[in-house]
There are 2 protein chains.
Amino acid sequence: MVGLSEAMGRLRTKDKSESIQESHYASPEELNLAIRDLQRVFSGPNQTTTDPDALRTYGSSENSYHPTAAHAIIVRPSSTEDVVHIVNIARKYRVPIVAYSGATSLEGHFSGYSTGSICLDMSGMDKILQINVADSDLVCQPGARWEDINQKLKSDGIPLFFPLDPGPGATIGGMIGTGCSGTNAVRYGTARAEWFLNVTAVLPNGHIVKTRRRARKSAAGFDTTKLFIGAEGTLGIITEVTLRLAPFLPTKVAMAQFPNVEVAVSAVQEILNSPHGPHIQCIELLDNNMMDAINKAGLVERPYPVLDTLFFKIQGSAECISSASKTIQAIVKKHGSKTFKFAATEEEADDLWQNRKYALMSSLAAYPGTRCWTTDVCVPVSKLPQLVYETKEDLSRAKLPNTTVGHVGDGNFHAFILFRENQLEEASEAVHRLVQRAINLDGTCTGEHGVGVGKKEYLLDELGEGTIELMKTIKRAVDPLNLLNPGKLYPDSNASKDED
Amino acid sequence: MVGLSEAMGRLRTKDKSESIQESHYASPEELNLAIRDLQRVFSGPNQTTTDPDALRTYGSSENSYHPTAAHAIIVRPSSTEDVVHIVNIARKYRVPIVAYSGATSLEGHFSGYSTGSICLDMSGMDKILQINVADSDLVCQPGARWEDINQKLKSDGIPLFFPLDPGPGATIGGMIGTGCSGTNAVRYGTARAEWFLNVTAVLPNGHIVKTRRRARKSAAGFDTTKLFIGAEGTLGIITEVTLRLAPFLPTKVAMAQFPNVEVAVSAVQEILNSPHGPHIQCIELLDNNMMDAINKAGLVERPYPVLDTLFFKIQGSAECISSASKTIQAIVKKHGSKTFKFAATEEEADDLWQNRKYALMSSLAAYPGTRCWTTDVCVPVSKLPQLVYETKEDLSRAKLPNTTVGHVGDGNFHAFILFRENQLEEASEAVHRLVQRAINLDGTCTGEHGVGVGKKEYLLDELGEGTIELMKTIKRAVDPLNLLNPGKLYPDSNASKDED
């Protein structure tokens, strides 16, 4: 039997060669000089680490199965100026820099670079610097976690919140880098909407830019803030951010169960297009396998029917929530749902929503001895039923247990593929087929998890040569030495096409 | 007395020299060769024009007072491939290309280039190519007008609409170029949010790119769609677009009047942060001068009180609109409003909203013999009262009649400055002071009208040298010959700083 680490080694060897020649990076001697310079400038306690365990841990993730490498040094800046110092040293010796903070990403975004990389640990730059209640905005450092920001607003009695809600533990800097979203996206949009009013970033040339002022709107040219959203730390290092906040509204939770995904999706479309659409904060799909896993995991008092299920968060004033829920109930009934449960109390609402929140945990608990490959894709909403149906058929043929959650209002679909040690390659191949299926349905290889190492091979197929070349043109112009997070995001070129 | 055209000539001479040397563009002989090539390829009726009147008209705007130049030729493509042809000919002879469609912009975006430019008239590429009702999206050409799109959806009985609503006559391509918004932005955000799912664009190198697929969300790298939003036709020519649509909801209109702008803005903030906030589609401020102009223009049956006034559009189900309007009434009363008028019928609603719609027309009608300089800035919402107050004081000192409308929920402020022939320079200087005031309040020189020629001198002050250099780095990488709309958007460099 092939062990997991051996199988991961095999996957690793599949990785294509880098498009930028490794030979232009620091030699081992130059790398040592860079480390020495960094240690000299950042000589305070814990400001740098070269402990081998830490270098390995910071360069890999338990949540992904992509090639990894240990970093050469971890540096912990505490200001924009510190980051400028680090970038300048890195440039002097041509050492790659990998930004790191929440470490929650799933596609190998923060893995080390093979010739030796600086792990720029931003997690200590986590301060909230300014809360402008009258303007509904907030200035913070990139290491701040979205959950801490919302907790701070709540405990200060400020009736505002930041609506992007990716995985627990995610930080603002990583959320920008990944172009995140979450369950609230159906109402509030994603990181690519207008929640980031401006960023302060250090560019590879060591220059500091602040992309915009604090006004909510501006038509002063193309928005350079957007350049950094989804760039996965490859165009600049974010050191400060102004977030726009939304009014915090009362919410209620409801649940409805359906005979299949197709009718669930039709119900969602009708609800969103109704005059009660503006009250829908979230619509989450948990498939029958997921409901089964929740039952098996034993986290619930009474087992749920094993059916494709929608969870709703409905927001607004008490009377509007109540009238919206009546409309929703009528619509889901029309589309074949036999059950509609509306949480009567706060506690009941929390209990219901926890099923969504602990989806991954329940999946693992239901299949003891397995690991989980988590992946996401996104397709036009009308294609979602086909995607879900074909994926489940495929995974069943591959004998891989699986559960599904989806931000169904956006066509965004997450599969948790559970596998045993000897099935890593099968799991990897099933993910590959899932991604191809999504792209063939006019969709994307990732709705919210990003590209990192894990999805870059699909970008050419998804976006076409022209768009990839445009992305690379910008990358080369902004980061001509390819210092920032090399090996991530941009598809590797074929040797013959490599223009560098 | 100095005539208007003479005064405009004087303003023209103030224009700084271009940062890109004009000498690298086509010589007169080369320009003639380019024209000949274009005429040969586009030999159908009306496909090209070199009529001097048309060249002048297409190169200038009645709505702006910035330097202009006639184009050398107007070309009318009807497909992406046509645009590739034109771009390739332009590149061969180094002739600037200026994209043109709705011609509603206010900052000289489509004026000709002094050494001779190709006016790329996209207004004929105005087809709606696909309506995907189940996915709430629509594919169209860039010459399509937003009003026609919404009319088409309505007449087909499709309960969806495209929520960006800039000036009447604006086209999708221009809306992308300008990074537009409009009265709906307080609820739906701007062009920089997620309404443009993808664009097909022809780059200066003649390559066609399609920035994304049709899924609503994607985390596949930084979003190259956003590069073109607000780029004012300087990075590529848009030839096809996928728009996201929103559910069309029933609306009602209401009006409240206030003793001053400060209390009106406080009322707005409280309304937006209430549980009824999601029902607010628009909140427009018309100042006392504007209300006076409406009365004077005689477009209303009975004169309104001359007070700072808010107009609301409230959306949702009938019962939610009704409960929202009760909350709004209570809040505006608390903030000192003595009047609250809620339109009982559709007709009354249309009548009320027309006052907002015909603001410019009313202003001109109220001051016969004047022309109007329309400008916009945007500041953090809490700074809006100060901005409005100081601007009105300033304009009063300058003896320039003026009216104000504002997208007050976003801090976006439009001034209509009315001037006689001999006051053009005073008007120009008052606009200059207004912009400086907005920037000093952490705001932007333009909330939604864009930069063009008129605002580019402010960008360095507003965004800083680093951000401007980043914008120019991208421009140079994508358009190394500076063929697309030169002289617009990017601030001119000082000779000493000019790195080209």
Worksheet item: What number of residues within the stretch A:438-460 are hydrophobic (A, V, I, L, M, F, W, C), within 7 Å of chain B (Cβ to nearest Cβ) and either surrounded by fewer than 24 Cβ atoms within 10 Å (Cβ to Cβ) or over 30 Å from residue A:165 (Cβ atoms) (or both)?
Response: 1
Worksheet item: Which of the residues that make up the stretch B:164-197 are among the hydroxyl-bearing types (Ser, Thr, Tyr) and more than 7 Å from every other protein chain (Cβ to nearest Cβ)?
Response: B:171, B:183, B:188
Worksheet entry | Check on residue A:230, at the interface with another protein chain (Cβ under 10 Å from one of its Cβ atoms), buried (at least 24 other Cβ atoms within 10 Å of the Cβ) and touching a strand residue (DSSP E or B) at 6+ places or on another chain (Cβ under 6 Å) | no
Worksheet item: Is there any pair linking a residue in the stretch A:476-498 that is over 24 Å from residue A:237 (Cβ atoms) to one that is modelled with pLDDT under 90 and of a type outside the set (A, V, I, L, M), with Cβ under 6 Å and at least six apart or on different chains, and which?
Response: A:493/A:19; A:498/A:19
Worksheet item: Can you name the residue in the stretch B:127-143 that is crowded, with 17+ Cβ neighbours inside 10 Å and in contact with a Ser or Thr (Cβ under 6 Å, 6 or more places away or on another chain) and, of all such residues, is farthest from the other protein chains (Cβ to nearest Cβ)?
Response: B:143
Worksheet item: What about residue B:402, is it more than 15 Å from the chain's Cα centre (by Cα), surrounded by 23 or more Cβ atoms within 10 Å (Cβ to Cβ) and closer than 29 Å to residue B:270 by Cα?
Response: yes
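Let me confirm something: among A:288, A:273, which residue is closer than 22 Å to residue A:182 by Cα, in contact with an Asp or Glu (Cβ under 6 Å, 6 or more places away or on another chain) and of a type outside the set (Val, Ile, Thr)?
Going through A:288, A:273 in turn, just one is closer than 22 Å to residue A:182 by Cα, in contact with an Asp or Glu (Cβ under 6 Å, 6 or more places away or on another chain) and of a type outside the set (Val, Ile, Thr): A:288.
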Discussion item. Which residue is nearest to residue A:373 (Cα to Cα), if the candidates are limited to the stretch A:41-83 and must be of a type outside the set (A, V, I, L, M, F, W, C) and part of a strand (DSSP E or B)?
Written reply: A:49
Response to the item:
Checked against (1) crowded, with 21+ Cβ neighbours inside 10 Å; (2) more than 10 Å from chain A (Cβ to nearest Cβ); (3) within 27 Å of residue B:356 (Cβ to Cβ); (4) at pLDDT 95 or above, residue B:482 satisfies every condition except (3)
Worksheet entry | Wholly enclosed strands (runs of 3 or more DSSP E) of the stretch B:157-259 bearing at least 1 residues touching a residue at least 12 places away in the same chain (Cβ under 8 Å), touching a Pro at 6+ places or on another chain (Cβ under 7 Å) and among the hydroxyl-bearing types (Ser, Thr, Tyr) | B:237-244
Worksheet item: Looking at the stretch B:461-471, which of its residues are in contact (Cβ under 8 Å) with a residue 12 or more places away in the chain and either buried (at least 18 other Cβ atoms within 10 Å of the Cβ) or not in a helix (DSSP H, G or I) (or both)?
Response: B:462, B:468, B:471
Worksheet item: How many residues are assigned to a strand (DSSP E or B) and away from chain B (no Cβ under 14 Å) when one looks only at the stretch A:401-420?
Response: 9
Fill in: In the stretch B:305-324, the residues that are of a type in the set (S, T, N, Q), modelled with pLDDT under 95 and touching a strand residue (DSSP E or B) at 6+ places or on another chain (Cβ under 7 Å)
B:315
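Inspect the stretch B:52-60 for any residue being surrounded by fewer than 19 Cβ atoms within 10 Å (Cβ to Cβ) and either closer than 25 Å to residue B:431 by Cβ or in contact with a helix residue (DSSP H, G or I) (Cβ under 9 Å, 6 or more places away or on another chain) (or both) and give the result as yes or no.
Yes; the residues of the stretch B:52-60 include at least one that is surrounded by fewer than 19 Cβ atoms within 10 Å (Cβ to Cβ) and either closer than 25 Å to residue B:431 by Cβ or in contact with a helix residue (DSSP H, G or I) (Cβ under 9 Å, 6 or more places away or on another chain) (or both).
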Practice prompt. Please list, ordered by first then second residue, the pairs with beta carbon atoms under 6 Å, 6 or more apart or interchain, first in the stretch A:65-84 and over 19 Å from residue A:204 (Cα atoms), second surrounded by fewer than 22 Cβ atoms within 10 Å (Cβ to Cβ) and charged (D, E, K, R).
Written response: A:67/A:12; A:67/A:15; A:70/A:56
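The values are calculated or read from the model by the stated rules, or taken from the named source; none is laboratory data. Computed from a prediction, not measured in an experiment: that's the story for all the values here. Glycine gets a Cβ as well: all are built from the backbone with ideal geometry, and neighbour counts include every protein chain shown.
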